[in-house]
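All remarks here apply to the structure that follows.
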Amino acid sequence: MGSTELAANLFRATQTEEKLKKEHIRGKTRANQTHYEVGAKVRKTMLEISGTAPEDLPTPEKSIKQIEREHRKLTDKNP
């Protein structure tokens, strides 16, 4: 996941949380529906601004796990 997708996911999560609090939304079904609606708006906004859908964003060549492993190997060799 690149920085744009990561930021969009964080924005979606925080905005969903705010909406749940502000509108006193309770229950799993209503919370899931709210999550879906906020996600759809974030996706629409991304398409309007950049013209790129989240699923079409480039992915990094290495995963965070791969980078962490490489970092551990380097620090283990050079304590």
Next on the checklist: Going by what's in this entry, would GLU18 be described as at pLDDT 95 or above, of a type in the set (D, E, K, R), more than 12 Å from the chain's Cα centre (by Cα) and assigned to a helix (DSSP H, G or I)?
Outcome noted: yes
Next on the checklist: When you check ALA53 against the structure, is it in contact with a Leu (Cβ under 7 Å, 6 or more places away or on another chain) and at pLDDT 95 or above, yes or no?
Outcome noted: no
Checklist entry - If you check ARG69 against the conditions, is it farther than 20 Å from LEU10 by Cα, surrounded by 11 or more Cβ atoms within 10 Å (Cβ to Cβ) and not aliphatic (A, V, I, L, M)? => result yes
Checklist outcome for this item: Per the filter on the range 43-60, residues assigned to a helix (DSSP H, G or I) and within 15 Å of the chain's Cα centre (by Cα) are ARG43, LYS44, THR45, MET46, PRO54, GLU55, ASP56
Next on the checklist: Against the condition closer than 25 Å to SER3 by Cα and either of a type outside the set (Asp, Glu) or surrounded by fewer than 11 Cβ atoms within 10 Å (Cβ to Cβ) (or both), how does HIS24 come out, does it pass?
Outcome noted: no
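The values are calculated or read from the model by the stated rules, or taken from the named source; none is laboratory data. Bear in mind the structure is a predicted one, so any value in this text is a computation, not a measurement. With ideal geometry, Cβ positions are generated from the backbone for all residues, glycine too; neighbour counts draw on all protein chains shown.
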